[in-house]
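Structure record follows, encoded as C-alpha cells.
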Amino acid sequence: MVSTHPVGVQPSGNQYLPQKRSNTTLSPNQELLPLSARVNRHDSLEIGGCDVTTLVQQFGSPLYILDEETLRTACQQYRDTFKQYYKGESQVLYASKAWNCLAVCAIVASEGLGIDVVSGGELYTALKAGVSPDKIYLHGNNKSRDELVLAIESGCTIVADNWHELHTLVELATNSSAVRLMLRLTPGIECHTHEYIRTGHLDSKFGFDPNDLDQVFAFVSKQPGLNCVGLHAHIGSQIFERQPHRDLGVVMVQWLRDAAKYDLELTELNIGGGLGIRYTESDDPPSIEEWSKAICEVVQQACAAENLPLPKLLCEPGRSLIATACVTAYTIGSAKVIPDIRTYVTIDGGMSDNPRPITYQSVYRAVVANKMSDSVTETVTLAGKHCESGDILIKNAQLAKTEPGDILVVMGTGAYNYSMASNYNRLPRPAAVLVANGEANLILQRETYQDIIRQDCLPERLK
Ligand code: LLP
C-alpha cells in the first residue's frame, strides 16, 4: 500500500533516526508523524498501536495524542549523546514550558532528565510528578516572592535573572541555608528565528547584561547566603544553525574564566535550548545528535583553550524533545467554497488549542487520518472555529478529499500547543492521551462546561 501524498521537497533525513521506523508505507510528508506511526489495514493512521479514528471516538475531539516512544527516544538521544561526547559530567533538562503536565514530567524524569520550570505552577507540577528537586531549575524574569520561596523550600536551583531578584534572594536566604543559584546572562548573540522567540540578543528582557558581569560577580561572591554554582544563557527557539550555539559556548566559557577573578568557583554551565524541528518537509534542522555533539565539542575546546576544568554541562531543550511526539486530531465540519478564491474547511478547534499559527505565523502539515492512502486532490484552508478571521490553522493545506466527520491530524503539535492553549470563546481545552503498545492512557482530561465556569463568581446582588 503506497501512499500518494505529495512528496514536496524531499526531507534530508528524519531527525528521529529513520531506521527506527518499522513500516515503509508513510510518504515523506507523513514522515513528520511520530516514530510509531503506521497505516493499518483499514487505511487508517495508527500511533502507538492505536487507531487514531478510534481514539477520537473514545476520548472525543479535538484530541492531543502523545506518542511515548518518540518522546522517550528523543530524551535518550540527548542524554546519550551528551554522555558520549562530553568528557565531564552532563545533565539534560527538559524545558517544560513546551508542555508541562504530570505525565510528561514523569516520563522525561524517568529517562534521567531534569526539568526547567518557569513559574510556580510548572514547579508545583514537576514536584507533584515526583521529579527530584535537585534536578529542577527555576527560570523567570520576574519570579514572585512566593515562587522563590517555593523553590528554596523545595531545594531547587534558581536561575537568577536580574538585580531585583538577587536582592530578594539575599533577603530570603537569611533565615535558611544558602540559596543554590545560577546566573542568567544575555550573550549578545543573534540567531535567525522569529523575533518573538529570540532571547540572546542584547535587547532582550531576559538575563543580566554582559556589561554588568563584573558587578554581578563581585556582588554574588560577597553574599554568604548565595551559593552561585554556574551560568546560564538561552539564545532563542526553533534555530536551525549550529554556529550561534557554538559562539555561545565560547562566550560562556570566557565568562567562567572571568568569574574566577572573583573567587567564584562556578562548576555548571547551562547552554539553554533552542534546537529547531521539522514542521514541514523543507525544514532542515540538525539532528539532536549533531546539535549536542557540536555543543560538547565547543565547550571542551574552549575550556582547553582557557585552561579551565570542564564544568558540568547542562542544556534545556523543549521543542526538539516533544514537538514531533504529538499530533492533534480534529473532526472536520463545515466547508465554505468561494469560487476562484478559496475553500475553507473547518475543524472543531483552532487558535485555542494551537495558538502558534496566529501568534508566529507557524506552518503545520496535516493528513486525513481515516484516508491515509487516498490521493491528494484538494488544496483547502483549514479554519478554526473561533470568532476571529485570523483563526486559520493551515493555509492551502494539501489533503485527500475531505467530508464532514473525517479526522484531520495535524503533526508536530507537542510543543507550545497545550501549554499555550486557552479557553478563548469559552472552548473547553481538549483531552490528551498517551499512546504506547496499543494502549491509550488519558493524561489530561477534557475540560467540561463546569470547568469553564469553575472560577466564575456571581455576586448575590446579580442573581
Ligand atoms: N530555556 C529557556 C530559558 C527558554 O526560554 C526556552 C524557551 C527554552 C529553554 C526551550 O527552548 P526550545 O528548545 O523549546 O526552543 N512559544 C514559542 C516558543 C517560546 C520559547 C520560549 N523559551 C513557540 O511556540 O514557538
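Numbers for the structure displayed
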read-out: Residue in region 136-149 that is within 20 Å of His232 (Cα to Cα), assigned to a helix (DSSP H, G or I) and modelled with pLDDT of 95 or more present; value: yes
read-out: Some residue of region 305-321 being farther than 30 Å from Gln223 by Cα, more than 14 Å from the ligand (Cβ to nearest atom), open to solvent by 20 Å² or more (accessible area, probe 1.4 Å) and of a type in the set (A, V, I, L, M, F, W, C); value: yes
read-out: Failed item, numbered, when Ser96 is tested on (1) away from the ligand (no atom under 11 Å from the Cβ); (2) among the polar types (S, T, N, Q); (3) in contact with a strand residue (DSSP E or B) (Cβ under 8 Å, 6 or more places away or on another chain); value: (1)
read-out: Among the candidates Thr328, Thr359, residue that is open to solvent by less than 20 Å² (accessible area, probe 1.4 Å), polar (S, T, N, Q) and within 16 Å of the ligand (Cβ to nearest atom); value: Thr328
read-out: Single unsatisfied condition, Leu181 versus (1) modelled with pLDDT of 95 or more; (2) open to solvent by less than 30 Å² (accessible area, probe 1.4 Å); (3) more than 26 Å from Asn211 (Cα to Cα); value: (3)
read-out: Within region 383-418, tally of residues that are within 16 Å of the ligand (Cβ to nearest atom) and open to solvent by 50 Å² or more (accessible area, probe 1.4 Å); value: 1
read-out: Residue count for region 334-361, restricted to those that are within 32 Å of the chain's Cα centre (by Cα) and acidic (Asp, Glu); value: 2
read-out: Qualifying residue in region 372-386 (condition: at pLDDT 95 or above, in the same structural domain as Gly49 (by the TED database), out of contact with any strand residue (DSSP E or B) (no Cβ under 6 Å at 6 or more places or on another chain) and closer than 28 Å to Glu69 by Cα); value: no
read-out: Every residue from region 255-293 that is within 15 Å of the ligand (Cβ to nearest atom), surrounded by fewer than 21 Cβ atoms within 10 Å (Cβ to Cβ) and among the small types (Gly, Ala, Ser); value: Ser287
read-out: Matching strands (runs of 3 or more DSSP E) fully within region 319-377 where at least 3 residues are among the aliphatic types (A, V, I, L, M); value: 326-338, 366-368
read-out: Among residues of region 419-449, those that are open to solvent by 100 Å² or more (accessible area, probe 1.4 Å) and farther than 27 Å from Ala106 by Cβ, counted; value: 2
read-out: Residue in region 124-144 that is farther than 16 Å from Arg72 by Cα, of a type in the set (Lys, Arg) and within 16 Å of the ligand (Cβ to nearest atom) present; value: yes
read-out: Check on Asn227, modelled with pLDDT under 95, open to solvent by 30 Å² or more (accessible area, probe 1.4 Å) and polar (S, T, N, Q); value: no
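The values are calculated or read from the model by the stated rules, or taken from the named source; none is laboratory data. Quick caveat, the model's predicted, so the values are computed rather than measured. Cβ coordinates were reconstructed from backbone atoms using ideal geometry, including for glycine residues, and neighbour counts include every protein chain displayed. When the accessible area is computed, the model is the full protein with side chains, heavy atoms only, and any ligands, DNA or RNA have been set aside. Shrake-Rupley method; radii C 1.70, N 1.55, O 1.52, S 1.80 Å.
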